[in-house]
1. Take the solvent-accessible surface of the protein heavy atoms, probe 1.4 Å, and return the percent of it on region 1-73 that carbon and sulfur atoms account for.
2. Taking only C-alpha pairs under 8 Å that are 6+ residues apart, what is the relative contact order of region 1-138 in percent?
3. Compute the helix-to-body angle for 133-147: its Cα long axis versus the longest principal axis of the chain, expressed 0 to 90° and rounded to tens.
4. Please enumerate, by chain and number, the lysines with C-alpha under 22 Å from the C-alpha of K34, excluding those fewer than 8 residues away in the same chain.
5. So, taking all protein chains as they sit and a 1.4 Å probe, how much accessible area belongs to E54, in Å² rounded to tens?
6. Among the lysines, select those whose C-alpha is under 17 Å from the C-alpha of K145, and discard any that sit fewer than 8 residues away in the same chain.
7. Would you work out which of I55, Y76, I25 lies farthest towards the positive end of the dipole of the chain, given +1 charges on the beta-carbon of Lys and Arg and -1 on that of Asp and Glu, about the Cα centre?
8. What's the angle, to the nearest 10 degrees (0 to 90), between helix 83-92's Cα axis and the longest principal axis of the chain?
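The values are calculated or read from the model by the stated rules, or taken from the named source; none is laboratory data. In this text the structure is predicted, and so the values were computed from the model without any measurement. Glycine also receives a Cβ, built like all others from the backbone with ideal geometry; neighbour counts cover every protein chain displayed. These accessible areas exclude ligands, DNA and RNA; they are computed on the full protein's heavy atoms, side chains included. Shrake-Rupley method; radii C 1.70, N 1.55, O 1.52, S 1.80 Å.
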Amino acid sequence: MTAQSFMDLALKRAEIAESAGEVPIGCVIVRDGKMVAQAGNRTLADRDPTAHAEILAIREAARVIGSERLTDCDLYVTLEPCTMCAGAISFARIRRLYYGASDPKGGAVDSGVRFFASPTCHHVPEIYPSVGETEASTLLTNFFKARR
């Protein structure tokens, strides 16, 4: 499968999150070309501000693999990770990060605090922005337009 194929799976998780009333963000984690975890945002359903798609997928991947170190895993997410999620990606030692839409307001990879550029960041994944950017941006834009 290609990076776009895995991002398409993350977009499907985002659509499922949206149908549940959540902000439409989806994430998949891949190891050896196979998806090991997937999640969409569940902050409302779980009443948990940390239930971002990335955090939930990292927890599931660690459980499936049996290790807190996901060194041979790639993470695909529809929106540029926030500071909390960038920190979790670093601590999990994710190998590669692919993200769709940029988030100038809340992102922390290429926007905002640029977490991975911080000297206190212990691990920096390879970063591939803008994978599925148009689809991810459209999904988020339409969601927030409908809310206003």
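1. After summing per-atom areas, the C and S share lands at 50 percent.
2. 21 percent
3. That works out to roughly 40 degrees.
4. K12
5. Counting only protein heavy atoms, the figure is 10 Å².
6. In chain and number order, the partners are K105.
7. I55
8. So the helix axis and the longest Cα principal axis differ by about 30 degrees.
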